[in-house]
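Structure first, commentary second.
Computed from the coordinates by the stated procedures, all read-outs in this text should not be read as laboratory data. Every value quoted in this text rests on a predicted model; they were computed, and no experiment measured them. Cβ atoms come from the backbone with ideal geometry, glycine included; neighbour counts cover every protein chain shown.
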Amino acid sequence: IHLSPLPGSAMAKKKSGRGGGRGGSKSKKGSGGGKGGGSNGKKSTKKSTSLADDFAGATNDGVNSTGSATSTTPLTRPTASDATNSANGREAKARDDAETKLIARLYTLSRSLLASLSGCAPDGSPLAEPSHPLAKLHQQLLDQVDVLMKMQSDDSSRLQPWRNMAGGHDEKEKNEEGVEQHQQQRSAGSFTNRANPEAWSAFASWLSECGISPSKNDFPVEIRPSVVTVSSDDDSNDQEKMVEYGLFATRDIAYDEVVLRLPMETMMCPYFEHVLEKSTEEDETKVVTSISSLLPPPFDPNRPVAQDMQLRPLCLITHLVNERYRGRASVFAPYLDTLPECTSTPLYWGLEEIRSLKQTAHLKRAVMMQAKLIWEYVQAREMIDQTHQERSKGGGAGSSDATLIPTRDFTFELFRWATATAHSRQNLIPFPVKNSRRAATVAASPAGGNEEGGEEADIDVAHGLVPLWDLLNHEDSDRACQTDVIFERIDGDQSRLRAVLVCQTPPDAPKGNPLCFHAGEEVTMHYGKRSNAQLLYHSGFVNCIVETSDTEGNGEVRGGEQINRNRSDCALLRVALPPAEDDAGLDRIRERVAARFGFRAYANQGCEHDGIACATAAATILAENNGGTDKENQTKQPAGARKATEVVMTEFAVSSHDALPEGLSRALLLCVANKEELTHLLRNMDTYMKLNADESCTEESDEGVASNSILLQLGEKHLKLAERLVDIQCNRCREEGVSSGTKVEREKEQLASSLALCDKETLLSWLHTLRVQLGNGGTRM
């Protein structure tokens with residue numbers, strides 16, 4: 001988590017942080033993470049009695065919510081209308097001031113929560129305890145966000161252009177009826193027009209203009225709605241029908257056949273120039289659109305590649321926000337109108353729904369996603385405002401400002417929608433640098449655009465959205481389509497390349513089945529090897545089904561068992577050292593090896609978490625195999641040594657396909673190692689680290705390794721430890737009753753329950769695979 005202000009924001013230019021309150025939290029920059037993943041920040045260096053009270057006072061400086069320059073007018077005689085306008089102006093200023101203070105407070109709270117989560121127990125148990133200070137801080141953050149969203153939605157002056165969608169009111173026809181419709185749409189949180197058939201007709205026409213019409217390009221698919229049946233809000237047997245969209249086969253599709261072929265110029269990415277942006281002509285039937293060359297921050301084509309890479313996901317989000325704000329003036333308007341209004345990712349979950357994840361191993365990650373969303377919103381809003389101020393100083397209050405969303409219209413709800421949309425639909429797309437918006441910068445740089453003086457690579461990568469392709473739904477099967485990116489010459493020019501995304505059916509057909517998809521069948525795609533937790537956090541679903549059966553043979557449907565359909569699913573297995581031992585010397589050795597093997601220490605935070613149970617399991621097995629402890633050779637724990645309330649632990653992603661992922665073998669060996677085995681591990685830490693990274697090393701090929709470096713093998717006691725660790729995790733993954741809240745709340749809690757059951761099934765499958773592997777004569781590192 002980047003707790004330091006993002007490059008380019010006004011916060012980055014301040015000499016001191018805005019910690020506020022009595023604690024004045026300081027934090028250090030963390031290491032970057034991959035797509036949708038988190039990274040570890042540094043914990044506050046100052047102590048406080050309560051996290052919620054420690055950061056209660058937020059500073060309010062440095063945020064301007066208007067994004068425009070102040071103008072002066074000559075003095076005139078006051079009139080009744082002037083008095084009304086003056087009162088309205090004072091009310092607007094009061095609202096803006098209140099919003100400014102609230103956003104400054106969100107900055108402090110989100111920063112504090114992200115810093116504190118670094119030291120939180122991995123399973124997030126403190127976050128599920130309402131009385132815990134960390135849970136109170138999370139609740140306070142969400143409460144303040146609700147206040148901000150209500151404040152922004154109740155402001156009737158925020159009539160954004162995106163309301164002018166297909167079938168809606170024209171900008172020139174904002175009468176009272178139109179204003180009322182706009183307010184209803186805004187209060188419903190709708191940023192798209194997905195349910196309107198006219199929007200899909202406009203999207204089809206837009207695709208044709210882009211040159212990717214399925215019928216013209218002989219693509220064997222077309223867009224069709226599909227009806228999904230869901231339960232109603234009440235307890236009756238009534239069911240509701242919900243319309244979704246996908247791509248369906250217009251004819252039989254064979255294996256190894258191209259389904260879609262989309263050039264880079266049709267994709268939505270801040271680094272690409274869209275094929276329709278080059279149009280400058282106007283006619284009477286349509287409004288010709290173009291994008292400003294000055295894209296919203298943090299996009300900066302002059303930024304060094306290494307620094308820019310960290311900000312590219314956020315660049316796509318702000319680009320999506322800005323294009324949605326522009327409404328029909330955006331070249332992407334027909335595409336944006338067809339996007340989902342919201343997703344089921346934890347970004348949209350409330351407090352109780354998030355806490356329902358306590359039955360899984362992923363509560364901490366979900367809370368971190370929410371805090372990171374708010375943190376990035378505050379900083380992105382600051383950069384938008386800073387950009388407006390810089391343009392105003394340079395006399396840029398003209399047409400260039402009209403292409404950038406005003407600061408006051410950069411609402412949290414719009415930013416959350418854009419973030420969830422990017423998370424669920426984005427793809428990392430390689431592109432030729434010379435055919436992108438970085439081309440001019442690279443060509444003008446004497447060092448080739450690289451700050452180290454070397455040449456920049458010809459091919460770069462960026463996050464982008466791919467219209468039409470993103471309508472392919474996920475299926476974990478051997479027939480699901482596969483996607484690849486190829487490069488081809490532009491008009492035969494050997495010096496110019498463009499990326500082309502190709503989606504096709506698998507090359508190898510099963511025996512006796514030459515057809516991959518039949519006519520009228522939905523065409524699907526495999527999203528990649530992702531766990532169910534990853535699917536939930538980024539796409540909003542869990543890949544499982546509820547199988548029912550007629551067990552009595554009388555027509556009654558019985559059962560209801562959930563079956564995990566994700567063949568790539570993995571679950572988190574946590575491993576902990578035994579509690580602090582009376583033998584201080586032995587404890588120091590175990591801790592030293594653990595630090596090298598990637599373990600981390602977590603303090604007991606006033607509540608039970610799975611690390612304590614895992615440590616107890618290791619201690620029990622260690623005592624059983626040692627036949628008790630040798631009291632004569634024990635020394636008293638010195639001051640400053642690990643306390644009994646501290647847990648040293650780590651975690652691994654395990655699955656039935658990989659019984660021993662990297663690092664797990666040595667972790668199991670360490671946790672239940674006796675004195676002799678600990679000494680061996682200490683002397684040969686480098687050997688274990690090297691062999692773990694190089695799986696080709698075998699006992700027969702260990703040339704140059706001393707005789708005392710013969711690797712330890714996993715045996716019966718390590719299998720017992722694995723069994724108890726799985727029991728601990730499975731006891732957490734219990735099926736809990738779903739609350740009697742709204743349908744949306746029940747669906748989210750059901751997602752949490754499904755994820756827990758899938759984790760349990762994956763852990764049990766992994767344990768079976770480990771038993772088989774250890775039953776074949778033991779396993780070496």
**Peptide ranges 138-147, 377-386 listed from the most packed, as the mean C-beta count within 10 angstrom indicates** = 377-386, 138-147
**Message:** If packing is taken as the average count of other Cβ atoms within 10 Å, what order do 574-580, 408-414 fall into, highest mean first?
**Reply:** 574-580, 408-414
**Prompt:** Working out 0.36 nm times the residue gap between Arg588 and Lys434, then minus their Cα-Cα distance, what length gain in nm do you get to one decimal?
**Reply:** 49.8 nm
**Message:** Can you work out the Karplus-derived ³J(HN,Hα) for every residue in region 654-663? Use 6.51 cos²θ - 1.76 cosθ + 1.60 with θ = phi - 60°, whole Hz, and x for glycine or proline.
**Reply:** 10, 8, 5, 7, 9, 5, 10, x, 4, x
**Complete:** Scalar couplings 3J(HN,Hα) for region 569-577 by Karplus 6.51 cos²θ - 1.76 cosθ + 1.60 (θ = phi - 60°), nearest whole Hz, x for Gly and Pro, are 5, 9, 10, 8, 10, 9, 10, 10, 5
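Mind ordering 478-485, 335-342, 714-721, 505-512 by average Cβ neighbours within 10 Å, highest first? Could the numbers behind the result be given before it?
Numbers: 478-485: 16.8, 335-342: 21.5, 714-721: 18.5, 505-512: 11.8.
Listed from highest to lowest mean packing, they are 335-342, 714-721, 478-485, 505-512.
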**Asked** Can you pick out the pairs among Lys372/Lys748; Lys101/Lys748; Lys434/Lys529; Lys358/Lys760 whose Cα atoms lie more than 23 Å from each other?
**Response** Lys101/Lys748; Lys434/Lys529
**Complete:** Rounded to the nearest 0.05, FRET efficiency between Ala601 and Ala623 (Cβ-Cβ, R0 22 Å) equals 0.50
**Asked** Taking amide hydrogens as modeled 1.01 Å from N in the peptide plane, which residues meet the under 5 Å criterion relative to Thr524, leaving out close sequence neighbours?
**Response** Cys481
**Request:** Give a residue-ordered list of calculated ³J(HN,Hα) values for region 525-541 (Karplus: 6.51 cos²θ - 1.76 cosθ + 1.60, θ = phi - 60°; whole Hz; x for Gly, Pro).
**Result:** 9, 8, 6, x, 6, 10, 6, 5, 5, 5, 5, 5, 6, 10, 10, x, 8
**Message:** Using a 7 Å offset from the Cα along the Cα-to-Cβ direction at both Glu222 and Asn302, what is the distance between the two label points in nm, to one decimal?
**Reply:** 5.1 nm
**Complete:** Quick calc, Ser477 & Arg90: beta-carbon distance into FRET formula, R0 56 Å, rounding 0.05, result 0.35
